[in-house]
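Worksheet for the structure shown next.
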Amino acid sequence: MKKLFYPWVMIMFITTSACSQSNNDTEEGSSQQSKLTNSLQGPIQKPASGYGSDGNYEVAEIDFNNPQYAGTQVSIFYPKGITSPRPTIFFSHPFGGEEKDYNIELYHFIAKKGYVVVFVPYRTVDISVDHRYQTLWEGFIKAATDYPNIIDTQKVGFMGHSFGGGASIDLAYKAFTEKGWGQNARFLFTMAPWYSFNWNSPLTTQQQLQNFPANTKMITQVYDEDTVNDHRMAIDIFKNINISTTEKDFIYFKSSAINGYNYITDHAMPSSRKAFDALDYYGVYRLLDAMMDYSFNGNVNAKNVALGNGSTAQVTMPSYNGQIMAPLEVTDNPTPKYLQSKYQFFCGSNTNPRNNYCN
């Protein structure tokens, strides 16, 4: 087992409140929507139309006991009133993000658009990386097995942030190859990923990367002010994964100051806990929205936004009173901008099973 423990994780764990506990399956409907923000921090508000704008569905929720983390629950967010299973995102949260409220806006955004998202909390302070992966995996499998009337496993995306971004690679590979998920649509969406391990597999991480199914698409995002995870980890996976450059994009976010408000591209984005602003909606939600439409519905126009290879529609960010947010930087051949010493977790660390692939 890969046993890892970091003192800073305990600090994050303490500051994250415990998940709600229940011994019974529950369906909450849309009761939580009243808790969500109706406006964004900063001068720039939500897009009123197009990709990144809120969908028209109300949000329903089902919670059930987490099979590998006693006292917590797996949550399924889905469009209220659906009569057939919908394409589904399996989300892996970062260290310290055990409570669903950490990214509740994201989950509701996905469900409002007509899709499903599954959230599985894993222990921040756990016995091993393997057990975190196992917790995510068993939660995803139980959700798909127990709720086939909601979850369509033939059209799936794996999405994750930080630890969850690294974990999404192995979990997606297992789901695609061992379970046959995503026969009709598959994508990865990773944000500021941490180290990528593999769990319970005879293959190395490199063998997994080189054997991803041909129909997989990918967006990788990194954030300029992130000082936690070395961008080289994201660059490594992006360059080594067997996905055509026409079906994957590496996206770099820069910060902006608009009308006295600082749009900060640190490790916490996206999050409903810290700054919830136009970076979330225009940088993350908008591209995810287009990726879901392109992957799940085959809309070729959506590709110009999700995987536009630097197209105007992809990189242009909003403005306010003539002040324009920094455009996204998109490339198929990313290179690191900073030394590894900038980051708390650097790619060349012995902890990283892929430290031989750092640029």
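The values are calculated or read from the model by the stated rules, or taken from the named source; none is laboratory data. Keep in mind that this is a model prediction, so the values were computed, not measured. Methodologically, a virtual Cβ is constructed for each residue, glycine included, from the backbone with ideal geometry; neighbour enumeration extends over all protein chains shown. Please note that ligands, DNA and RNA were not included when accessible areas were found on the heavy atoms of the full protein model with its side chains. Shrake-Rupley method; radii C 1.70, N 1.55, O 1.52, S 1.80 Å.
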Task: GNM result for the chain, Cα springs below 10 Å: residue of Pro193, Pro121, Pro67 fluctuating most strongly - done: Pro67
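Looking at the stretch 72-218, what % of its DSSP beta bridges pair antiparallel, to the nearest 5? Show your work: numbers first, answer last.
Numbers: 3 of 24 bridges.
Counting DSSP beta bridges with both partners in the stretch 72-218, the antiparallel share is about 10 percent.
Tell me, what is the per residue accessible area of the chain in Å², probe radius 1.4 Å?
On the way: 13570 Å² over 359 residues.
I get 38 Å² per residue for this part.
Beyond 27 Å, how much of the Cα-Cα pair distribution for the stretch 165-295 remains, as a whole percent?
Numbers: 1916 of 8515 pairs.
I get 23 percent for the Cα pairs in the stretch 165-295 exceeding 27 Å.
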- [ ] Output the peptides 68-76, 332-340, 109-117 sorted from most to least packed, where packing is the average of other Cβ atoms within 10 Å over each peptide's residues.
- [x] 109-117, 68-76, 332-340
TODO: List every residue whose amide H lies under 5 Å from the amide H of Ile89, counting only residues 5 or more places away in sequence or on a different chain, with H placed 1.01 Å from N in the peptide plane.
DONE: Val116, Val117, Val118, Gly157
Open item on the list: Could you give me D for the stretch 108-210, from Stokes-Einstein at 4 °C and 1.567 mPa s, where the hydrodynamic radius is the Kirkwood radius over C-alpha pairs? Units µm² s⁻¹, please.
Closed with: 91
Task: Cα-based shape type of the stretch 56-163, given that a ≥ b ≥ c are square roots of the gyration tensor eigenvalues and the cut on a/c is 1.5 - done: prolate
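Could you check what % of the DSSP bridge pairs in the chain are antiparallel, to the nearest 5? Kindly include the intermediate steps, with their values, before the conclusion.
Working: 20 of 52 bridges.
Restricted to the chain, the bridges split so that about 40 percent are antiparallel.
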Open item on the list: Could you give each residue of the stretch 310-320 its phi-based ³J(HN,Hα) in whole Hz, using Karplus coefficients 6.51, -1.76, 1.60 with θ = phi - 60°, and x for Gly or Pro?
Closed with: x, 4, 4, 5, 7, 8, 6, 9, x, 10, 8
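Computing the accessible area with a 1.4 Å probe over protein heavy atoms, can you report the carbon and sulfur percentage for the stretch 119-230?
Details: 1280 of 3010 Å².
About 43 percent, which is the carbon plus sulfur part of the accessible surface.
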Task: Cα-only Debye scattering, the stretch 292-343: base-10 log of I(q)/I(0) at q = 0.14, 0.16, 0.21 Å⁻¹ - done: -0.56, -0.67, -0.85
Open item on the list: Please compute the modelled spin-label separation between Asn359 and Leu203, points set 7 Å along Cα→Cβ, answer in nm with one decimal.
Closed with: 2.3
Task: Rh by Kirkwood over Cα pairs, then Stokes-Einstein D for the stretch 201-256 at 0.890 mPa s and 25 °C, µm²/s - done: 196
Open item on the list: For the stretch 224-268, place one equal point scatterer on every Cα, skip the solvent, and apply the Debye formula. What is log10 of I(q)/I(0) at q = 0.22, 0.23 Å⁻¹?
Closed with: -0.82, -0.86
Task: Segment Asp130-Val315, extension gain: residue separation times 0.36 nm, minus the distance between their alpha carbons - done: 62.9 nm
Open item on the list: Cut-off 10 angstrom, C-alpha nodes, Gaussian network model of the chain. Which of Tyr252, Tyr320, Tyr107 fluctuates the most?
Closed with: Tyr320
Open item on the list: Starting from the 7 Å offset along Cα-to-Cβ, what nm value, one decimal, do you get for the label separation of Gln340 and Asn211?
Closed with: 2.8
